[in-house]
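Nothing in this text is a laboratory measurement; each read-out follows from the coordinates by a stated rule. In this text, all values refer to a predicted model and were calculated from it rather than measured experimentally. No Cβ is skipped: glycine too gets one built from the backbone with ideal geometry, and neighbour counts run over all protein chains shown.
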Amino acid sequence: MSNQPELNPAEMTAAEEVSRRDLLRNVALAATLGGLEPLAAQHVHQMAAADKKGGVYTPKLFKEVEWKSVEAFAEVVMPGASKGGAKEFIDLICSANPTLAATWTGGLAWMTVRLGKPFHLAAAAEQTALLDQIAFRKNNSPALAAGINFFDLARRMVVDAYYTSAVGTAELGYLGNKGMSEFKVPGDAVAYAMRRAGLA
């Protein structure tokens, strides 16, 4: 993870607040284009952590029902997403970008209409059945197009949120931007490459 100091909104100067808004705006743009940089994403996680009052994050965009559905959706897409702060990450980025905000709130509303109830109140089988329909572009139809477009973006954001968090990077074994005196390629990676090249 980055060695940057933790952000504390109460101690931020006007220039730092502008920088914070610019960072969120840039991260949001990168998220819409599918090119999120890990270091910038880690700063968003730091901002979300700094925004917690008494250990609780207050959503900036989502209403309570949406907030619960974002959490449930993220957990279905990426089990453990809550531990990685996915919903806070998504809320913070979407609050800085009207396009992402509309995509998420519209997608949550679309799922509510399809399910007849908010996503988080649906049974696990209902949630899975709906996501199985919208997870694949081959299912594209006028009835599912909005859901498929939402899922494509939302899934990427959940995965990005998780794997740029402390929990996600630890799971990957990411060591961070550190110098190494020696680099050893893992033996199983070498064996795999040799088999693929027909040399084993």
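The lysines within cross-link reach of LYS87, meaning a Cα-to-Cα straight distance under 27 Å and a gap of 8 or more places when in the same chain, are LYS52, LYS53, LYS60, LYS63, LYS68, LYS117.
Just to confirm the filter: which GluC sites (Glu not before Pro) across the stretch 94-200 are DSSP coil and have at most 16 other Cβ within 10 angstrom of their Cβ? Intermediate values should be presented prior to the final figure.
On the way: sites: GLU126, GLU171, GLU182; in loops: GLU182.
Listed in order of number, the matching sites are GLU182.
By how many nm would the segment from GLN133 to ALA145 grow when fully extended, if each residue of separation counts as 0.36 nm and the alpha-carbon distance is taken off? Intermediate values should be presented prior to the final figure.
Values: separation 12, 0.36 × 12 = 4.32 nm, distance 1.03 nm.
Result: 3.3 nm gained on full extension.
Phi angles of the stretch 115-121 translate, via the Karplus equation with coefficients 6.51, -1.76, 1.60 and θ = phi - 60°, into HN-Hα couplings of 8, x, 6, x, 3, 5, 8 Hz per residue; Gly and Pro are given as x. Between ALA49 and LYS83, the simple spin-label model (points 7 angstrom out along Cα→Cβ) gives 1.6 nm. A simple rule links phi to the HN-Hα coupling: the Karplus curve 6.51 cos²θ - 1.76 cosθ + 1.60 with θ = phi - 60°, which for the stretch 132-142 gives 5, 6, 9, 7, 10, 5, 5, 8, 4, 7, x Hz, with x for Gly and Pro.
Judged by the mean number of other Cβ atoms found within 10 Å, the most tightly packed of the peptides 158-166, 79-87, 130-138, 48-56 leads the ranking 158-166, 79-87, 130-138, 48-56.
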